[in-house]
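Shown next, in structure tokens, is the structure this report addresses.
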Amino acid sequence: MFKIFIIEDDKQLVSLLEEHLHKFGFDVKNVDNFETVGSQFEQYEPHLVLLDVNLPKFDGYYWCRQIRNLSTCPILFISAREGKMDQVMALENGGDDYITKPFDFEIVVAKINSHLRRAYGSYAAAQNGRTITVDGLKLDVERMMLSFNDEDIELSHTEAKILDELLKRSERIVSRERLLEKIWDDQVFVDDNTLNVYIARVRRKLAILHISNALQTIRGQGYRFISNWGHDE
């Protein structure tokens, strides 16, 4: 049974979410003390988190960063904030999706199922033990780990899937549409800017491994990963 952790201070909304999620067979826990969100997360060990932005004490961006130090589980923001910058902030701080309030509970459940399939379902299981290597850069798909010159860096689920698509087709252009289709089941609900944010995050992870200019933007077509990249000093 998948466990869903709800970090939301609107008690009525929490009650409605719990009611709908229980109907679909999820185990659900909500935060009871907003000063100890991190320890409650560690104790519960959820498979997925629903996280509001406006919270007592610390905001959702803060708690998202803390959770990312503990886990790579999917984190879905649920917020009344509709601005693009709010959504970008959520993704930049480690979130995997952003749902604006008021929302349709069926859409929330669909998104939850989509992210659970990607993280733990048949697609994830099919990748067990698979690695891709391009010019010394190694992607361990199962462990979501990127390695180069004896340095390792952990990736989020989405970052790993973007690199999976790009490395499998090294030297070839991968369209934005293909990335959206392969990475998000419910792509119709994904803002076009979401992919831009994740591509930027992937580039930063590569930069940490001292790899520059490997991920190219091909205007009007998509992205291409090249093997003859520049190595930072």
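The values are calculated or read from the model by the stated rules, or taken from the named source; none is laboratory data. Being a predicted model, the structure only gives us computed values, none of them experimental. Note that we place each Cβ from the backbone using ideal geometry, even for glycine, and neighbour counts take in every protein chain shown. Protein only, heavy atoms only, side chains kept; ligands, DNA and RNA dropped before computing areas. Shrake-Rupley method; radii C 1.70, N 1.55, O 1.52, S 1.80 Å.
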First in region 144-161 and on the phi > 0 side of the Ramachandran plot, second anywhere and surrounded by fewer than 17 Cβ atoms within 10 Å (Cβ to Cβ) and in a loop (DSSP other than H, G, I, E, B), Cβ under 8 Å, 6 or more apart: 149/136; 149/210
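Okay, residues lined up against (1) under 14 Å from residue 136 (Cα atoms); (2) in contact with a Gly (Cβ under 9 Å, 6 or more places away or on another chain); (3) modelled with pLDDT of 85 or more; (4) open to solvent by 60 Å² or more (accessible area, probe 1.4 Å):
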position: 190; (1), (2), (3), (4): no, no, no, no
position: 194; (1), (2), (3), (4): no, no, no, no
position: 200; (1), (2), (3), (4): no, no, yes, no
position: 205; (1), (2), (3), (4): no, no, yes, no
position: 209; (1), (2), (3), (4): yes, no, yes, no
position: 218; (1), (2), (3), (4): no, no, yes, no
position: 221; (1), (2), (3), (4): no, no, yes, yes
position: 226; (1), (2), (3), (4): yes, no, yes, no
position: 230; (1), (2), (3), (4): yes, no, no, no
Test set (1) in contact with a Gly (Cβ under 7 Å, 6 or more places away or on another chain); (2) open to solvent by 50 Å² or more (accessible area, probe 1.4 Å); (3) closer than 22 Å to residue 204 by Cα - residue 1 fails condition number: (3)
Restricting region 151-175 to residues that are modelled with pLDDT of 90 or more and assigned to a helix (DSSP H, G or I), the residue that is most open to solvent (accessible area, probe 1.4 Å): 168
Failed criterion for residue 98 (all others in (1) more than 18 Å from residue 69 (Cα to Cα); (2) among the hydroxyl-bearing types (Ser, Thr, Tyr); (3) in contact with a helix residue (DSSP H, G or I) (Cβ under 6 Å, 6 or more places away or on another chain); (4) not in a strand (DSSP E or B) hold): (4)
Checking residue 158 against (1) touching a strand residue (DSSP E or B) at 6+ places or on another chain (Cβ under 8 Å); (2) under 24 Å from residue 220 (Cα atoms), the condition it does not meet: (1)
